[in-house]
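The values are calculated or read from the model by the stated rules, or taken from the named source; none is laboratory data. Note that the coordinates shown come from a computational prediction; the quantities given were computed from them, not determined experimentally. Glycine also receives a Cβ, built like all others from the backbone with ideal geometry; neighbour counts cover every protein chain displayed. Heads up: the accessible areas ignore ligands, DNA and RNA and are worked out on the full protein's heavy atoms, side chains in. Shrake-Rupley method; radii C 1.70, N 1.55, O 1.52, S 1.80 Å.
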Amino acid sequence: MPLPYRNSRLLRRSRVIWGSFSLWRPRLVFWCGALAIGLVSVGFARLADLAQKGFAGLTASGQWAFLLPLALCPLGFMASAFLAARLFPNSQGSGIPQAIAARHLREAEDRSRLLSLRIAAGKIALTVLGLFCGASIGREGPTVQVGASIMLAVARFSGMAQARGLILAGSAAGIAAAFNTPLAGIVFAIEEMSRTYESRANGLVLTAVILSGLAALGLAGSYNYFGEASVSPAGLKDWGLVLVCGIGGGALGAAFSGLALRFGQRIRRWAQPQPLPRMVALAGICGLAVAAIGIAFGGATFGTDYDQARGAVEGHALPLLFFAGKLAASFLSMLSGIPGGIFAPSLAVGAGFGSTFGSLMGTGIALAAILGMTGYFSGVVQAPMTAFVIILEMTGDHQAVIPIMAVAMLGYITSRILSREPLYHGLSRVFIAAVVRARRAEAAG
């Protein structure tokens with residue numbers, strides 16, 4: 001074989017191999033990103049659990065230790081608000097509005113103001129700090145921003161052009177890994193994050209959810225978030241709960257989201273002349289109020305209240321006014337502007353609401369708690385499919401599929417009548433406006 005011919009064959013083969021590597025490189029980076037979301041989510045969950053145990057240990061270590069939150073909460077809230085504003089801007093709040101806002105921005109630089117590895121690291125650290133100080137927040141919403149940030153970094157590193165689809169995939173993977181609910185992650189991406197079905201992104205979402213879920217399963221094992229439940233309506237009283245939890249829970253959720261949007265707007269106007277000192281002061285006031293509520297309820301409203309919600313799902317009645325105290329603590333924690341989500345606190349509020357009316361109506365507490373969680377959660381986020389799927393996957397209660405679906409729909413309809421604007425999408429516009437102002441300020445400077 002002539003040497004030039006052999007060299008040309010080798011050159012063509014090397015081009016094919018190199019070309020195939022270039023084709024597979026983005027996929028490999030994407031898969032690594034999805035696995036990283038699962039690993040980070042599990043690590044985040046464990047840090048959050050340690051923070052809550054640390055707070056519980058501090059406030060139960062002496063005769064007067066129950067008063068410690070009066071100092072720890074406001075100081076922790078102020079530190080978190082200060083660090084978020086100075087070191088990790090746009091890490092405040094849940095994190096889901098930031099991910100939604102980033103999908104509406106066209107420029108990569110604008111997206112990086114809301115989603116970056118730096119913001120993700122700050123989000124984790126400050127959410128853990130908030131839980132250590134007794135804030136009524138959760139880690140699931142922040143995991144969405146963390147997952148979307150990781151996927152946006154993947155887009156930059158691998159040269160993938162589907163930034164909007166990758167943000168969607170990272171958000172879905174974050175929810176799936178945080179709750180161990182893969183179906184809910186997919187539904188959440190379609191219903192809440194995009195509000196439309198995007199066929200071009202469905203493969204990215206599914207792949208990210210699978211890989212992040214596998215990583216989480218490898219570290220945490222297979223489990224249901226609230227264990228196993230097997231309850232269903234057995235009489236007219238139980239079916240009455242469907243109406244009470246659907247309409248009542250939806251109305252309560254609408255009140256929470258509507259007041260959060262309205263008060264948030266007023267607070268931003270009030271803080272405008274001096275944003276940093278005023279927001280830090282507000283965080284301290286909210287922290288003091290959260291501490292007072294927690295002490296009044298014997299410490300039951302601090303943190304995520306996962307244990308209280310799970311106890312209700314297992315049939316243990318919660319105090320009649322627990323849901324009111326938890327709702328107030330969650331509302332104040334959200335208004336304070338510190339990083340932290342509302343998913344887990346909302347489930348606790350809903351479980352308490354259902355438990356209260358289950359006790360008053362003489363029905364089963366477990367069924368009442370599950371239906372209460374569904375109605376309230378659907379009312380807050382105005383995403384009935386997500387509420388239905390996430391509650392079903394977290395409790396494994398397949399006997400109550402139809403009642404859970406009915407409550408989710410009733411909660412959504414009631415909430416839409418009372419509060420027309422979905423909470424996360426209303427908050428996302430705040431971050432879009434902030435990015436636009438920052439861009440204009442840089443251009444003017």
Among the residues of region 271-314, how many are farther than 20 Å from P74 by Cα and not acidic (D, E)? 9
Which of the residues that make up region 227-275 are touching a Pro at 6+ places or on another chain (Cβ under 8 Å) and open to solvent by 50 Å² or more (accessible area, probe 1.4 Å)? W239
Of (1) crowded, with 24+ Cβ neighbours inside 10 Å; (2) under 16 Å from the mean Cα position of the chain (by Cα), G372 fails just (2)
Here are some residues: G298, G315. Which one is of a type outside the set (V, I, T) and touching a helix residue (DSSP H, G or I) at 6+ places or on another chain (Cβ under 6 Å)? G315
Can you name the helices (runs of 4 or more DSSP H) wholly within region 340-411 that have at least 3 residues being touching a residue at least 24 places away in the same chain (Cβ under 8 Å) and β-branched (V, I, T)? 365-381, 384-395
Among the candidates M394, M385, which residue alone is of a type in the set (A, V, I, L, M), under 17 Å from the mean Cα position of the chain (by Cα) and surrounded by fewer than 22 Cβ atoms within 10 Å (Cβ to Cβ)? M385
Within region 129-168, which residues are modelled with pLDDT of 90 or more and touching a Pro at 6+ places or on another chain (Cβ under 7 Å)? G130, G134, S136, I137, G138, P142
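Among the residues of region 159-166, is any within 14 Å of the chain's Cα centre (by Cα) and not β-branched (V, I, T)?
No: zero hits.
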Going through F82, F77 one at a time, which residue ends up being at pLDDT 95 or above and open to solvent by less than 10 Å² (accessible area, probe 1.4 Å)? F77
Identify, by number, the condition in (1) over 18 Å from G93 (Cα atoms); (2) open to solvent by 10 Å² or more (accessible area, probe 1.4 Å); (3) not in a helix (DSSP H, G or I) that T301 doesn't meet. (2)
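Residues of region 215-238 being of a type outside the set (D, E, K, R) and either modelled with pLDDT of 75 or more or in contact with a Gly (Cβ under 7 Å, 6 or more places away or on another chain) (or both), which ones? Quick ask: steps written out before the conclusion?
Just the residues of region 215-238 that are of a type outside the set (D, E, K, R), to begin with: 215-227, 229-236.
Of everything in region 215-238, those that are of a type outside the set (D, E, K, R) and either modelled with pLDDT of 75 or more or in contact with a Gly (Cβ under 7 Å, 6 or more places away or on another chain) (or both) turn out to be A215, A216, N224, A229, S230, V231, S232, P233, A234, G235, L236.
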Top-ranked residue of region 169-213 - restricted to ones that are of a type in the set (F, W, Y) and either under 15 Å from the mean Cα position of the chain (by Cα) or modelled with pLDDT of 80 or more (or both), ranked as surrounded by the fewest Cβ atoms within 10 Å (Cβ to Cβ): F179
For region 42-67, name all the residues that are surrounded by 13 or more Cβ atoms within 10 Å (Cβ to Cβ), modelled with pLDDT under 90 and either touching an Asp or Glu at 6+ places or on another chain (Cβ under 8 Å) or aromatic (F, W, Y) (or both). F66
Is it true that T414 is touching a residue at least 24 places away in the same chain (Cβ under 8 Å), among the β-branched types (V, I, T) and under 19 Å from V231 (Cβ atoms)? no
Out of I267, I247, I need the residue that is over 29 Å from G315 (Cβ atoms), in a helix (DSSP H, G or I) and among the β-branched types (V, I, T). Which one? I267
Can you name the number of the only condition in (1) modelled with pLDDT of 95 or more; (2) open to solvent by 40 Å² or more (accessible area, probe 1.4 Å) that V349 fails? (2)
Give the residue, chosen from R113, R139, R164, that is open to solvent by 20 Å² or more (accessible area, probe 1.4 Å), within 16 Å of A51 (Cβ to Cβ) and charged (D, E, K, R). R139
Hey, among the residues in region 116-130 that are small (G, A, S) and open to solvent by 30 Å² or more (accessible area, probe 1.4 Å), which one's nearest to G303 (Cα to Cα)? A125
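Provide a single number: the residues in region 85-102 that are open to solvent by 10 Å² or more (accessible area, probe 1.4 Å) and on the phi < 0 side of the Ramachandran plot.
7
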Under the condition of being open to solvent by less than 10 Å² (accessible area, probe 1.4 Å) and either touching a Leu at 6+ places or on another chain (Cβ under 7 Å) or not in a helix (DSSP H, G or I) (or both), which residue from region 326-339 is nearest to A178 (Cα to Cα)? P339
For V435, all conditions in the list (1) among the hydrophobic types (A, V, I, L, M, F, W, C); (2) open to solvent by 40 Å² or more (accessible area, probe 1.4 Å); (3) within 30 Å of E109 (Cβ to Cβ) hold save one; what is the number of the exception? (2)
S80: over 15 Å from the mean Cα position of the chain (by Cα), hydroxyl-bearing (S, T, Y), farther than 30 Å from I186 by Cα and part of a helix (DSSP H, G or I), yes or no? yes
Restricting attention to region 135-142, does a residue exist that is over 28 Å from I190 (Cα atoms) and not basic (K, R)? yes
